[in-house]
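A.B. asks: Structure below; questions to follow.
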Amino acid sequence: MITVVRMLARGRSRRERARGRLMAAGAAFATVLLCAAAHLTALRLDARRGALGVLTEKEPRLMVALTLALLAVPAAAFIYQVSRLATATRERRLAALRLAGATPREVRLTGAAESGWSALAGGSLGAAAYLLAALVARWSLGDVVPVRPLLWTPVVLAAVVLGGALSGLRAGRHVVASPLGVVRRARPRGPRARDLALVALGVALLAAALTGKGRFFLGGKYGAVVAIAAGAVLLLFGLVLATALLIRMAARRAGRGTSAPETLLAARMVEADPRAWARALSVVGLTVFFGSAVGAQQALTVFQSDLTAFQVASYALLYLALLTAMVTSAGALVAHQAEALLDHRRSFTVLAASGVPVPALGRVLTRQALVAALPVCVVSAVAGAGVVVLLLAELYARRPGALAVSVAGAAAMAGIGVLAAVLVARAARPILRRWVRPEELRTG
Amino acid sequence: MLEARTLRKSFGRTTALDGASVEIGEGEVVAVTGPSGSGKSTLLHCLAGIIRPEAGEVLFAGRRLDTLDEDARTRLRRENFGVVFQFGELVPELTAEENVVLPLLFGGRGRRESLQAARSWLERLDVADCAGQRPAELSGGQLQRVAVARALAAEPRVIFADEPTGALDSLAGERVMGELVGAARESRATLVVVTHDNRVAAYADREIALRDGRVVAGATAATGGTAAGTPGEAAAGGVSR
Ligand SMILES: Nc1ncnc2c1ncn2[C@@H]1O[C@H](COP(=O)(O)OP(=O)(O)OP(=O)(O)O)[C@@H](O)[C@H]1O
Ligand SMILES: [Mg+2]
């Protein structure tokens, strides 16, 4: 097995090696975030005040930990996105292995081993960096920073490596289906309505916990916190899955009535593979969701003149988290754009050869981004702001201006999300120009 | 109508075209034949303005085509040329009908008008039943007929086809070829077909034979005649400077 992996690793193209490195980076990032989250929940709150002002109050501490853990979701999505890069060359390589007599299981394991290895390399680096940072913190802050949570580091690392291996297992499944060397991508299965069940479950959990006035029928106060956290996470994952459904619906609509050829082509391309777009946009959607929620929550405080230093600091932290998530989203979008370009290169080249100007093909790219990103961002923004407004309805009723502010904030977040997707698509235009050369079209 | 003068084109060290000259009249149906690697595809791509020759001239309707920039050539292709590729090369995400509609829309026609044109072409080529299907669900012959419909729907003045039946069995190939030639003649379009197949060449008014990047027979209508003209004779008068 190890020999096989090593043999295959030698055949990797430059793009594939880049993917390995990107994956390692994502794994390092996720490890650091998750470790920090585990650690923050265990900070000794009452040990000392001042130095760690923000982090020693119990509620914000939990919130920060949750924010960090949720940031790991984008990091995970990023890893998954990256693991799909350069699939064509990788599939050819794996298919060659199949021809040489490897069983489907062996091929799948090879894929898992490859990405697991990248995750291990990156994760170890992240864990080491984190341990170092934690020790420095301990040394400078004393026993505010407990040592025990450091024991969690190997667990986090194991989870990250497992995640990487699993994504590799899944990434290799197309090859597995074709025993001949011909790599033919299986038609991607459409999203299922079942994915929506997760959203419903998440909403139900949240509602049950929140209406119980801080108590839950299981475990009382502690149970309520767990239920809220679990509900939020379920809701988010469900949303990611439901995103594919939403994107496909929006694309179908967009393609139906249009007389613009760019829109028709863009809509059909998005409709044919909504899952890839959902994967890439899930991170954007999450960011928009959180951004809108934070904005809605802050809308209540903008009219307040007595903001405490603590509030300001925690908001700053939240915005930092949002910024990080946005950058991660952009990374996932870039990875997806590269993949999409590779997938459609042949079609675009043929179209260019038959007289479609390359700028029009560039518009197809931006319209794809628009068709996919617009519904995702709008729904995320409405959901994010809506949840907060509903939860704090009483406070909102007392401050009429706050609603307008939170709506504006949500609109701005949705705008930023769509803009990010469109900008990434625009940035791909020069690549398109370089790649789509009719003169390179070999027809026989 | 379409004229190439002493075209030269090389890829690295291989010379694909080595002084090839041809003249094709309006409404003519010509077959380009020759052994593999003789430069047939390269000649076709030069004539269609897809690639630029290193030396020589390509004229379409009296206008130099090879000196135009990429944008102008793209516009020219869209307005005047239709191309049928060996493997159809339909956009996999679009239905058969949408594949035919797309170039019409890019050409600036309205949606309804384009749809109508697409349907009538699909009907003429006997693939109206497949209108709503995607390329992956079509057979090779159906695929190729949809591709022919796509090339013809915009009513181009010249149709280029590079081994349009190369991927089909002889029966399906003959049907597609018959339809392509019939449709071209009916709309008085010029048709340039690259082929290995002698039977395909028999559909043509004239056969242009290539060898090692040179035209060895049928360079002009006067010297070529139908596929009967002997290579020696044609080569003598054909390679004009
Ligand atoms: N893009 C390219 N890059 C490198 N070499 C090329 C390219 N296109 C053509 N050639 C070379 O130029 C020569 C002529 O190629 P061309 O495709 O025109 O031949 P052909 O007559 O169409 O052959 P076939 O019947 O096999 O399709 C060949 O030797 C080929 O290898
Ligand atoms: Mg050829």
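The values are calculated or read from the model by the stated rules, or taken from the named source; none is laboratory data. For clarity, every value in this text was computed on a predicted model and none was experimentally measured. So basically every Cβ, Gly included, is an ideal-geometry build from the backbone, and we count neighbours across all protein chains shown. Keep in mind that these areas ignore ligands, DNA and RNA; they rest on the heavy atoms of the full protein, side chains included. Shrake-Rupley method; radii C 1.70, N 1.55, O 1.52, S 1.80 Å.
A.B. asks: Can you tell me which residue within the range A:389-444, out of those that are modelled with pLDDT under 85 and hydroxyl-bearing (Ser, Thr, Tyr), is farthest from ligand 1 (Cβ to nearest atom)?
C.D. replies: A:TYR396
A.B. asks: Show the residue pairs meeting these rules: Cβ distance below 6 Å; 6+ apart or different chains; first residue within the range B:8-30 and closer than 13 Å to B:GLY56 by Cβ; second residue within 15 Å of ligand 1 (Cβ to nearest atom) and of a type in the set (Asp, Glu).
C.D. replies: B:ARG8/B:GLU54; B:LYS9/B:GLU54
A.B. asks: Just to be sure, is A:THR308 among the hydroxyl-bearing types (Ser, Thr, Tyr) and modelled with pLDDT under 75? Steps first, answer last, please.
C.D. replies: Working: among the hydroxyl-bearing types (Ser, Thr, Tyr): yes; modelled with pLDDT under 75: yes.
When the stated conditions are applied, A:THR308 passes them.
A.B. asks: When the residues of the range B:30-45 are narrowed to those that are within 12 Å of chain A (Cβ to nearest Cβ) and among the hydroxyl-bearing types (Ser, Thr, Tyr), which ends up nearest to B:ALA184 (Cα to Cα)?
C.D. replies: The selected residue is B:SER41.
A.B. asks: Restricting to the range B:17-37, what's the tally of residues that are in a strand (DSSP E or B) and within 18 Å of the chain's Cα centre (by Cα)? Spell out the reasoning first.
C.D. replies: Here is the first cut: in the range B:17-37, the ones in a strand (DSSP E or B) are B:17-24, B:29-33.
Restricting the remaining residues to those that are within 18 Å of the chain's Cα centre (by Cα) gives B:17, B:20-24, B:29-33.
Counting residues in the range B:17-37 that are in a strand (DSSP E or B) and within 18 Å of the chain's Cα centre (by Cα) gives 11.
A.B. asks: What is the one condition in (1) open to solvent by 60 Å² or more (accessible area, probe 1.4 Å); (2) free of Cβ contacts under 8 Å to residues at least 24 places away in the same chain; (3) more than 14 Å from every other protein chain (Cβ to nearest Cβ) that A:TYR315 does not satisfy?
C.D. replies: Only one criterion in (1) open to solvent by 60 Å² or more (accessible area, probe 1.4 Å); (2) free of Cβ contacts under 8 Å to residues at least 24 places away in the same chain; (3) more than 14 Å from every other protein chain (Cβ to nearest Cβ) is unmet by A:TYR315, namely (1).
A.B. asks: Might you let me know whether the range B:4-20 holds any residue that is within 14 Å of chain A (Cβ to nearest Cβ), away from ligand 1 (no atom under 14 Å from the Cβ) and within 29 Å of B:ARG188 (Cβ to Cβ)?
C.D. replies: No, the conditions are met nowhere in the range B:4-20.
A.B. asks: Taking the stated definitions as given, is B:GLY37 modelled with pLDDT under 90 and closer than 13 Å to B:LEU17 by Cα?
C.D. replies: Values: modelled with pLDDT under 90: yes; closer than 13 Å to B:LEU17 by Cα: yes.
So B:GLY37 passes the test.
A.B. asks: Going by the structure shown, is B:ASP66 away from ligand 1 (no atom under 13 Å from the Cβ), within 13 Å of chain A (Cβ to nearest Cβ) and within 23 Å of B:THR15 (Cα to Cα)?
C.D. replies: yes
A.B. asks: Next question, about the same structure. Taking the conditions exactly as written (modelled with pLDDT of 90 or more, facing chain A (nearest Cβ under 8 Å), over 14 Å from the mean Cα position of the chain (by Cα) and not in a strand (DSSP E or B)), does B:LEU115 satisfy them or not?
C.D. replies: no
A.B. asks: What number goes with the only condition from (1) modelled with pLDDT of 90 or more; (2) more than 16 Å from ligand 1 (Cβ to nearest atom); (3) small (Gly, Ala, Ser) that B:GLY108 does not pass?
C.D. replies: Unmet for B:GLY108, out of (1) modelled with pLDDT of 90 or more; (2) more than 16 Å from ligand 1 (Cβ to nearest atom); (3) small (Gly, Ala, Ser): (1).
A.B. asks: Let me ask something else. Working only within the range B:143-188, note down all residues that are without any contact (Cβ under 8 Å) to a residue 40 or more places away in the chain and either part of a helix (DSSP H, G or I) or aromatic (Phe, Trp, Tyr) (or both).
C.D. replies: Selection gives B:ARG145, B:SER170, B:LEU171, B:ALA172, B:GLY173, B:GLU174, B:ARG175, B:VAL176, B:MET177, B:GLY178, B:GLY182, B:GLU186.
A.B. asks: In the range B:88-98, which residue that is open to solvent by 10 Å² or more (accessible area, probe 1.4 Å) and either within 16 Å of ligand 2 (Cβ to nearest atom) or within 17 Å of B:LEU168 (Cβ to Cβ) (or both) is farthest from the other protein chains (Cβ to nearest Cβ)?
C.D. replies: It comes out as B:LEU90.
A.B. asks: B:PRO103 fails exactly one of the following numbered conditions: (1) assigned to a helix (DSSP H, G or I); (2) more than 13 Å from chain A (Cβ to nearest Cβ). What is the number of that condition?
C.D. replies: The one condition B:PRO103 does not meet is (2).
A.B. asks: Go over the candidates B:GLY132, B:GLY110, B:GLY166 one by one and state the one that is away from every other protein chain (no Cβ under 12 Å) and open to solvent by 10 Å² or more (accessible area, probe 1.4 Å). Walk me through how you get there before you give the answer.
C.D. replies: Values: B:GLY110 fails: away from every other protein chain (no Cβ under 12 Å); B:GLY166 fails: away from every other protein chain (no Cβ under 12 Å).
After ruling out the rest, the residue left standing is B:GLY132.
A.B. asks: Residue under question is B:ALA48, and the condition is that it be within 14 Å of another protein chain (Cβ to nearest Cβ), open to solvent by less than 40 Å² (accessible area, probe 1.4 Å) and within 16 Å of ligand 2 (Cβ to nearest atom); does it hold? Reasoning before the result, please.
C.D. replies: Working: within 14 Å of another protein chain (Cβ to nearest Cβ): yes; open to solvent by less than 40 Å² (accessible area, probe 1.4 Å): yes; within 16 Å of ligand 2 (Cβ to nearest atom): yes.
For B:ALA48, the condition - within 14 Å of another protein chain (Cβ to nearest Cβ), open to solvent by less than 40 Å² (accessible area, probe 1.4 Å) and within 16 Å of ligand 2 (Cβ to nearest atom) - is met.
A.B. asks: Sticking with this structure for a sec: Mind checking whether some residue in the range A:218-240 is open to solvent by less than 60 Å² (accessible area, probe 1.4 Å), modelled with pLDDT of 75 or more and of a type outside the set (Val, Ile, Thr)?
C.D. replies: No, because not a single residue in the range A:218-240 is open to solvent by less than 60 Å² (accessible area, probe 1.4 Å), modelled with pLDDT of 75 or more and of a type outside the set (Val, Ile, Thr).
A.B. asks: Sticking with this structure for a sec: It is to be established whether one or more residues within the range B:10-20 are at positive phi, surrounded by fewer than 23 Cβ atoms within 10 Å (Cβ to Cβ) and more than 16 Å from ligand 2 (Cβ to nearest atom).
C.D. replies: Looking for residues that are at positive phi, surrounded by fewer than 23 Cβ atoms within 10 Å (Cβ to Cβ) and more than 16 Å from ligand 2 (Cβ to nearest atom), one finds at least one in the range B:10-20, hence yes.
A.B. asks: Ok, one more. Among the numbered criteria (1) open to solvent by 20 Å² or more (accessible area, probe 1.4 Å); (2) away from ligand 2 (no atom under 16 Å from the Cβ), which single criterion is violated by B:VAL29?
C.D. replies: Only one criterion is unmet by B:VAL29, namely (1).
A.B. asks: Could you list all residues from the range A:110-126 that are open to solvent by 10 Å² or more (accessible area, probe 1.4 Å) and farther than 19 Å from A:ARG170 by Cβ?
C.D. replies: Those that are open to solvent by 10 Å² or more (accessible area, probe 1.4 Å) and farther than 19 Å from A:ARG170 by Cβ: A:ALA121, A:SER124, A:LEU125.
A.B. asks: Another one. So which of B:LEU68, B:LEU59, B:LEU43 is surrounded by fewer than 23 Cβ atoms within 10 Å (Cβ to Cβ) and not in a loop (DSSP other than H, G, I, E, B)? Show your work before the answer.
C.D. replies: On the way: B:LEU68 fails: not in a loop (DSSP other than H, G, I, E, B); B:LEU43 fails: surrounded by fewer than 23 Cβ atoms within 10 Å (Cβ to Cβ).
B:LEU59 is the lone residue from the list that is surrounded by fewer than 23 Cβ atoms within 10 Å (Cβ to Cβ) and not in a loop (DSSP other than H, G, I, E, B).
A.B. asks: Among the candidates B:PHE81, B:PHE60, B:PHE85, which residue alone is more than 8 Å from chain A (Cβ to nearest Cβ) and closer than 27 Å to B:HIS196 by Cα? Break it down stepwise before answering.
C.D. replies: Details: B:PHE81 fails: more than 8 Å from chain A (Cβ to nearest Cβ); B:PHE85 fails: more than 8 Å from chain A (Cβ to nearest Cβ).
Answer to the check: B:PHE60.
A.B. asks: Of all the helices (runs of 4 or more DSSP H) wholly in the range A:363-444, which have at least 3 residues that are touching a residue at least 40 places away in the same chain (Cβ under 8 Å) and open to solvent by 70 Å² or more (accessible area, probe 1.4 Å)?
C.D. replies: Working: elements: A:393-398, A:400-427, A:429-435.
Where helices (runs of 4 or more DSSP H) fall fully within the range A:363-444 and carry at least 3 residues being touching a residue at least 40 places away in the same chain (Cβ under 8 Å) and open to solvent by 70 Å² or more (accessible area, probe 1.4 Å), they are A:400-427.
A.B. asks: Looking at the range B:48-58, is at least one residue among the hydrophobic types (A, V, I, L, M, F, W, C), within 13 Å of ligand 1 (Cβ to nearest atom) and closer than 24 Å to B:GLU155 by Cβ?
C.D. replies: Yes, the range B:48-58 has at least one match.
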